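Novice: Structure below; questions to follow.
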Amino acid sequence: MKSVAINGYGTIGKRVADAVAAQDDMKVIGVSKTRPNYEARTAVEEKGYDLYIGIPERANQFKEAGIEIAGTVEDMIQEADVVVDCTPGTIGPQNLEMYKKAGVKAIYQGGEDHELTGLSFNAISNYDDSYGKDYTRVVSCNTTGLTRTLSTIDPIADIKKVRAVMVRRGSDPSEVKKGPINSIVPNPPKVPSHHGPDVKTVMEGIDVTTMALLVPTTLMHQHNIMVEINNEIETQEIIDALEKRSRVLVVDAGEGLGSTAELMEYAKELGRNRNDLYEIPVWRESINVVGNELYYMQAVHQESDVVPENIDAIRALLEMESDNEKSIAKTNKAMGIL
Ligand SMILES: NC(=O)C1=CN([C@@H]2O[C@H](COP(=O)(O)OP(=O)(O)OC[C@H]3O[C@@H](n4cnc5c(N)ncnc54)[C@H](O)[C@@H]3O)[C@@H](O)[C@H]2O)C=CC1
Ligand SMILES: O=C(OP(=O)(O)O)[C@H](O)COP(=O)(O)O
């Protein structure tokens with residue numbers, strides 16, 4: 001049983017904690033917060049996690065709020081085999097020295113640059129690269145979505161180049177101070193966005209360029225993907241491959257799943273923890289091979305698709321399972337992923 005610490009208990013961290021707790025070969029030894037808010041309280045009182053604080057000077061604030069703490073982040077990581085760093089992008093790099101000093105392995109998230117760890121992770125495309133290593137980075141939610149479908153398509157279609165337009169959610173549901181609320185914003189306004197270069201960190205040699213914009217929605221990103229392919233292939237072969245791939249769902253707009261809102265409603269029907277949709281839904285009607293070009297559209301539940309990837313990254317770093325498909329299957333089973 002391996003011991004996992006989760007540093008930063010926000011959108012991603014709280015989901016990673018629950019996903020770790022659902023596995024039979026690893027356990028949560030602590031989670032961390034910087035403020036005594038409702039997430040800190042539920043972590044302790046509802047979930048039963050030991051809570052550590054990221055800013056030691058704030059111990060009194062937790063005491064005054066009546067939220068029990070077990071120590072500081074430095075204390076937490078002493079006991080861990082691996083720490084999953086789910087702090088915001090600006091904090092993560094500062095933590096690396098602390099992890100090195102404590103001799104603990106660490107997994108970062110997609111808000112960090114690839115250069116921080118020199119290694120990035122996706123369970124389907126490059127699990128082996130992180131096997132036994134000290135530090136890796138699970139690529140961002142959008143990059144994970146692109147990588148899952150492209151690495152399923154490449155072996156049968158032989159991808160020549162990819163061009164994608166990424167429609168990104170403006171903010172997460174609880175981010176009340178972020179927008180846009182009445183605008184479509186090229187973001188970044190320059191091309192490429194970070195997603196194309198990021199896919200290259202987990203799919204060596206792929207030619208992929210992306211452009212991105214923000215829209216006023218809080219749940220799900222949406223991708224429009226154009227792929228030039230070398231192999232002659234039928235549309236149905238692409239559909240079959242995507243249907244076989246776990247963590248990817250071919251969905252029918254005609255069955256009432258024609259929008260991101262309906263997909264999130266579908267996730268509620270599935271009865272998942274927090275109504276999460278860990279899989280990447282691809283609209284069946286959009287999948288179309290025309291000559292040497294493949295077109296498709298997909299969506300990404302930004303809060304959850306990277307969560308199972310973090311579990312597989314733990315198994316890779318700690319050499320708990322050498323076969324990526326076995327780790328993926330084990331994670332999927334524990335989390336009820338299709
Ligand atoms: N929200 C999303 O849609 C996704 C986020 N990511 C990445 O995951 C990472 C975390 O993002 P979120 O969970 O959205 O952020 P968040 O803001 O929801 O949560 C961050 C957590 O870190 C805590 N924190 C802040 N400073 C800290 C410190 N010094 N020590 C310990 N904890 C500290 C905060 O209190 C908060 O609990 C980022 O790299 C982000 O880019 C990746 C995929 C999707
Ligand atoms: O990794 C994400 O998106 P991204 O892949 O578009 O950077 C997450 O949705 C977090 O994005 P944010 O850093 O804008 O909150």
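Rule-based calculations on the coordinates, nothing more; no lab input. Quantities reported herein were computed from a predicted structural model and do not represent experimental measurements. Positions of Cβ are backbone-derived with ideal geometry, glycine not excepted, and every protein chain shown enters the neighbour counts.
Novice: Mind listing the long-range amide H neighbours of S32? Cut-off is under 5 Å, sequence gap 5 or more, other chains count too, H placed in the peptide plane at 1.01 Å from N.
Specialist: Long-range HN contacts for S32: I6, G8, Y9, Y52.
Novice: Moving on to the next point. Could you work out the equivalent-ellipsoid semi-axes for the chain, taking the square root of 5 times each eigenvalue of the Cα gyration tensor, largest first, in whole Å?
Specialist: So the three semi-axes of the chain are 34, 22, 19 Å.
Novice: Right, here's the next one. What three numbers, in Å, describe the spread of the alpha carbons of segment 1-46 along their principal axes, ordered from the longest?
Specialist: Cα extents, longest axis first: 30, 18, 16 Å.
Novice: Follow-up. Which residue, Y131, Y266, Y278, has the most motion in a Gaussian network model of the chain that connects Cα atoms within less than 10 Å?
Specialist: Answer for the Gaussian network model of the chain: Y266.
Novice: Work from the charge dipole of the chain (Cβ charges, +1 for Lys and Arg, -1 for Asp and Glu, about the Cα centre) and give the residue of V251, G54, A5 farthest towards its positive end.
Specialist: Checking the options against the dipole of the chain, the answer is G54.
Novice: Related question: Using a Gaussian network model of the chain with C-alpha springs under 10 Å, which one of G145, G30, G254 is most mobile by mean-square fluctuation?
Specialist: Answer for the Gaussian network model of the chain: G254.
Novice: Something else: Less than 14 Å Cβ to Cβ from V104, Lys/Arg counted +1 and Asp/Glu -1: what total charge do the surrounding residues give?
Specialist: Charge balance near V104 sits at -2.
Novice: Could you point to the residue in T201, A329, G179 farthest towards the positive end of the chain's charge dipole, with +1 and -1 charges on the Cβ of Lys/Arg and Asp/Glu respectively?
Specialist: My answer, from the dipole projection, is G179.
Novice: Could you give the semi-axes, largest first, of the ellipsoid that matches segment 54-93, computed as the square roots of 5 times the alpha carbon gyration tensor eigenvalues and rounded to whole Å?
Specialist: 21, 14, 8
Novice: Straight-line reach from K268: which aspartates and glutamates have Cα under 20 Å away, leaving out those fewer than 8 places along the same chain?
Specialist: Within the straight-line limit of under 20 Å, K268 reaches these aspartates and glutamates: D18, D172, D252, E255, D276, E279, E303, D305.
Novice: Name the residue, out of N142, N122, N273, whose mean-square fluctuation peaks in a Gaussian network model built on the chain with Cα pairs under 10 Å.
Specialist: Residue with maximal mean-square fluctuation among N142, N122, N273: N273.
Novice: Tell me, how many Å apart are the Cα centres for segment 321-338 and for segment 179-253?
Specialist: 24 Å
Novice: For a 20 Å ceiling on Cα separation, which of these pairs sit above it: K47/K326; K244/K326; K14/K133; K2/K105?
Specialist: As for pairs spanning more than 20 Å Cα to Cα, those are K47/K326; K14/K133.
Novice: Tell me, what is the percent relative contact order of the chain, built from C-alpha pairs under 8 Å that lie six or more residues apart?
Specialist: Worked out over the chain, it gives 17 percent.
Novice: With only alpha-carbon atoms in the gyration tensor, what are the semi-axes of the equivalent ellipsoid for segment 97-169, in Å, largest first?
Specialist: Whole-Å semi-axes of the equivalent ellipsoid: 28, 15, 8.
Novice: Considering only the other residues whose Cβ falls under 10 Å of the Cβ of R148, what net charge follows from Lys and Arg at +1 and Asp and Glu at -1?
Specialist: Every neighbour counted, the sum reads -1.
Novice: Mind checking the log10 I(q)/I(0) for segment 223-330 at q = 0.10 Å⁻¹? Debye, one equal scatterer per Cα, no solvent, two decimals.
Specialist: For the requested q values the scattering log ratios are -0.36.
Novice: Given 10 °C and 1.306 mPa s, compute D for segment 51-138 with the Stokes-Einstein relation, Rh being the Kirkwood radius over Cα pairs; round to the nearest whole µm²/s.
Specialist: For the chosen part, D equals 112 µm²/s.
Novice: Which number comes out as Rg/Rh for segment 132-223 once both Rg and the Kirkwood Rh are worked out on C-alpha atoms?
Specialist: 1.03
Novice: Please order M335, M226 by the number of other Cβ within 10 Å, starting at the fewest.
Specialist: Lowest count first: M226, M335.
Novice: Placing one identical point scatterer on every Cα of segment 1-96 and ignoring solvent, what is log10 I(q)/I(0) from the Debye formula at q = 0.11, 0.25 Å⁻¹?
Specialist: With one equal scatterer per Cα and no solvent, log10 I(q)/I(0) is -0.27, -1.40.
Novice: To one decimal place, what orientation-averaged projected area in nm² is obtained for the convex hull of the Cα set of segment 277-337?
Specialist: The Cα convex hull of segment 277-337, projected and averaged over all directions, gives 5.6 nm².
Novice: Here is a further query. For segment 278-295, just list the computed ³J(HN,Hα) in residue order, Karplus coefficients 6.51, -1.76 and 1.60, θ = phi - 60°, integers in Hz, with x standing in for Gly and Pro.
Specialist: With coefficients 6.51, -1.76 and 1.60, one gets 6, 7, 8, x, 10, 6, 3, 4, 7, 6, 8, 9, 10, x, 9, 10, 10, 10 Hz.
Novice: Let me ask another. Determine the principal axes of the Cα atoms in segment 155-277, then give the extent along each, sorted from largest to smallest and rounded to whole angstroms.
Specialist: Largest to smallest, the principal-axis extents are 46, 38, 25 Å.
Novice: Determine the relative contact order of segment 200-338: mean sequence separation of Cα pairs under 8 Å and six or more apart, normalised by residue count, in whole percent.
Specialist: Reported as a whole number, the value is 27 percent.
Novice: Counting DSSP beta bridges in the chain, what percent are antiparallel, to the nearest 5?
Specialist: Antiparallel: roughly 40 percent of the beta bridges in the chain.
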